[in-house]
Amino acid sequence: MNTLTKVWDFIRNLFGFKRNSKYVKNYLNEANMRSGIYMGAIIIVLEIWLVVRQTNEYVIPGISAYSGFVDRFKFAYSYLSFYILFMICGMVLMLFSITYTRNKKRDSKVEFILNLVLGGISIFWFFMLFPLNDWKNLFPLDFSKSVRRANIIRYFTVMIFTMMPVLGGLIIGHTIYKHFNQRNNTTISILIIITFAFICLLFGMRVSYADFTVPATKLRSNGALDLYYYEKRKMITCFLTMIIFVACLLIWKPYISIIMLSTIFYVFMRMLKSYDGREFVEGDEINYITFLISLTMITISIYQQRITEAEKDQQLEHDAVYDHLVDINNVQFVSSSVREALSHNENYLDDKYFLFINIVNFRTINDLKGFEEGDKFLKELGEAVKKSFKGDLTARQSDDHYVILTTNDGLKEKIDELNQMVNNLSEGLFIHLKVGVYKAKAGESVSRAIDKARYACGIIKRKYDEVFLEYNDTMDEMFQKRQYIVNHLDEAIEKEWIVAYYQPVVWSESLELCGAEALARWIDPTYGFLSPGDFIPILEDTRLIHKLDRYIIEYVCKYMRKRIDEGGKVVPVSINFSRLDFELMDVVEVLEESVSKYNIDKSFIHVEVTESALSESFDLLNMNLNVLKGLGYSIWLDDFGSGYSSLNVLKDYDFDVLKIDMKFLTNFHENEKSKDILDCIVKLANKLDMKTLTEGVETKEQAMFLESIGCARLQGYLFGKPLQLADFEGVIEKEKFTLADTKI
Ligand code: C2E
Ligand code: CA
Ligand code: CA
């Protein structure tokens, strides 16, 4: 059974009975269209040559009465219309093939006109073919069994006679239909190739047959008209050539090639055989059959070769638009599919929505259960997405993001279903979906549409009770701003629109300056003053944050060096690092580079990382922080107490300074508890051999309390807002401290 199936499969493949994928079909179609260019060109040259060659006395008696090429040509036209018609066909085919292969959008006027011309010519061929057979002999057709074989040529001729105008009609009809409906268009190219193949075959048959049947005459010296044949029957080559053309240049499925070739050969040989007064030599028959067999083999082999190529190509293309980890397409696929669909139907996007799916807290799976489990989770979600949105375009964008293009049908139910599934899969971890929805608009690029869906998704990222949000016009302004930030980051860095502001840090005991925190500000020519809150989340979201931080490092070091060179005082500066920095750049290398370039004492740079950063990616950060510490940088834990993991973090890392989050100071007056908590945190830090700094100090009362519990450093509006460099340098000048005071 198994071998039988294999044999059957082999045969199916060999003869092309297997269904080809759409890609392979298109590939073969394109290959045919490319061949069409060459076929067209060859035919034009061939026909010009034939026409020129034929304008002589030997072929067209009486032509010598005319002198001059133009006059001769005019006279010869009546004899040559057949060739000229064929030449026009060649031209149309060539032009069509060129526009078809060049213009993927399939809406050109040229194509439209060419199609109509070719359709017209096809119909016209019908009349051209009349002289081929004695019209009167064709009818009535006798379908009785006894004469059926003899009638075969008649059937065939009638069939062709009808076929040509039918094909012509189809081409015209389809072209007009397509013109008004913007429908699929491979059909037209197939129709044109078939028509052209027919025209070629008919041309070959007609020329060869006419050559075979019309005896040439020669005037003997004695005045007798002599029939001679010796030079004749050579134009059978025309038939054979045309057949090679059609069989080898154009790719048909092998079984079609076989049927086509054998039918043509059979009919043609019968025509030759049955011609009165002409003997069809047996040797001829064997020659033709040998030719037929070799030609068939060649066409099969060409087909197989093309199919292999096409499938290889398909695989490559598939790999390029496929996400192998999750077994789903990627976003490039969505883009190209949409482009393709739009080229057939410009209203394709009218009822469509882009969905952007984000898995909130996905990282916890990786962190707690390992990457393997994380991948498994992504795969299962991928499967579920494909299943719920069957028939829609689905893709994984990156990490834990999925993109879907779908209609409004049962959208909410489908999302709920997915969310439910994720809940079940997440086994107690707080993992759920957020979905941004964007109504697709014509004329907008897919990547922009996805960005908007993503934007909507980002808005509800931290809103626990909302699963999905549709992008609306009020978001548009924010979205534009976001795009602006992403697109202008490099320019802003280059032109120093972005600068560091310095916020003073003071000793709680003496209230003298002991350092500053560098805080980025973007002073934009269009949007004006932008705070980190405006651009940092965006830069993190788009994984561009390292560009900013690399720049701030350089900025801080550069101006510190400048100031030292000018003989001014400097204070240590804390620089903020995002978790992503450690993934996106080699923080150690970048820091070391700037520090050595500007020859800065490492103890003057403090590395601030936030607590939430630490809870997310573990090993990489830990390693980096240890190296930095070893190199002599002081490591500060930012925003302590604002996240979820707090105390664990203290166990796993060694920090020099704990920056206590400013949240603890809110409603400081009323809430006795927060005082107790602050007190405990400071004690805890001291126990763990860490210094403390409290952020957001706004009142004297707060400062006094913090001093009383032993918090060493204070930072907040009470001592100064973040200041631009020049102003901050003014502050330093007024201070009386010495540099040694700023050390821990
Ligand atoms: P952060 O590191 O916690 O910085 C402290 C923030 O609190 C600053 O906001 C500062 O202006 C503000 N602040 C300081 N004292 C007071 C106060 O007394 N009262 C109040 N209400 N606020 C105070 P800013 O400059 O808007 O920065 C926000 C966040 O942006 C920073 O929080 C930091 O996480 C991030 N950030 C700023 N610059 C950079 C940077 O260059 N790179 C990276 N990765 N993040 C940065
Ligand atoms: Ca900070
Ligand atoms: Ca902070």
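The values are calculated or read from the model by the stated rules, or taken from the named source; none is laboratory data. Just so we're clear, the structure is a prediction, and the values are computed from it rather than from any experiment. Cβ placement follows ideal geometry from the backbone for every residue including glycine, while neighbour counts extend to all protein chains displayed. Ligands, DNA and RNA are stripped out before the accessible areas are found, and what is left, the full protein with its side chains, is counted by its heavy atoms. Shrake-Rupley method; radii C 1.70, N 1.55, O 1.52, S 1.80 Å.
If we sort 335-348, 249-262 on the protection proxy, mean other Cβ atoms within 10 Å, highest first, what's the order?
249-262, 335-348
What fraction of the DSSP beta bridges in the chain is antiparallel, stated in percent and rounded to the nearest 5?
60 percent
From the backbone phi of the stretch 577-590, what are the Karplus-calculated ³J(HN,Hα) couplings (6.51 cos²θ - 1.76 cosθ + 1.60, θ = phi - 60°) in whole Hz, Gly and Pro given as x?
Ordered by residue, 3J(HN,Hα) equals 10, 8, 3, 5, 3, 6, 8, 8, 8, 8, 4, 4, 4, 4 Hz.
Can you give the helix-only mean residue ellipticity at 222 nm for the chain, where every DSSP H stretch with n ≥ 4 adds -39500 (n - 2.57) and the sum goes over all residues, rounded to the nearest 500 deg cm²/dmol?
That calculation yields -19500 deg cm²/dmol at 222 nm.
So how tilted is helix 331-344 from the main axis of the chain? Cα-based, degrees 0 to 90, rounded to 10.
Relative to the chain, helix 331-344 is tipped by roughly 40 degrees.
Angle between the Cα long axis of helix 69-102 and the longest principal axis of the chain, 0 to 90 degrees, nearest 10?
30 degrees
If you roll a 1.4 Å probe over the heavy atoms of the protein chains, what accessible area per residue do you get for the chain, in Å²?
50 Å²
Can you sort Lys434, Lys352 by 1.4 Å-probe accessible area, starting with the largest?
Ranked list, largest accessible area first: Lys352, Lys434.
Express the carbon and sulfur contribution to the solvent-accessible surface of the chain as a percent, rounded to the nearest whole number, probe 1.4 angstrom.
57 percent
Based on the Cβ-Cβ distance from Met478 to Phe529, what FRET efficiency comes out when R0 is 22 Å, to the nearest 0.05?
Working from the Cβ atoms, E equals 0.85.
Just name one of Leu706, Ile431, Ala395: the one whose Cα is farthest towards the positive end of the charge dipole of the chain (beta-carbon charges, Lys/Arg +1, Asp/Glu -1).
Working it through, the farthest residue towards the positive pole turns out to be Ala395.
Would you kindly find the accessible area of Arg454, with a 1.4 Å probe and non-protein molecules such as ligands, DNA and RNA excluded, rounding to the nearest 10 Å²?
Counting only protein heavy atoms, Arg454 exposes about 40 Å² to solvent.
Nearest 10 degrees, 0 to 90: what angle lies between the long axis of helix 672-687 and the longest principal axis of the chain (Cα atoms)?
Once rounded, the angle reads 90 degrees.
Round to the nearest 10 and report in Å² the accessible area of Glu311, as given by a 1.4 Å probe over the protein chains' heavy atoms.
Probe radius 1.4 Å; accessible area of Glu311 about 80 Å².
Rounded, prolate or oblate, given the Cα gyration tensor of the stretch 390-526, with a/c below 1.5 counting as rounded?
Oblate, since a/c reaches 1.5 and b/c is not below a/b.
If I take every Cα pair under 8 Å that is 6 or more residues apart in the chain, average their sequence separation and divide by the length, what percent do I get for the relative contact order?
Relative CO of the chain lands at 8 percent.
Over the stretch 477-520, one equal point on each Cα, no solvent: what is log10 I(q)/I(0) by the Debye formula at q = 0.23, 0.26, 0.31 Å⁻¹?
Those come out to -0.80, -0.89, -0.98, one per q.
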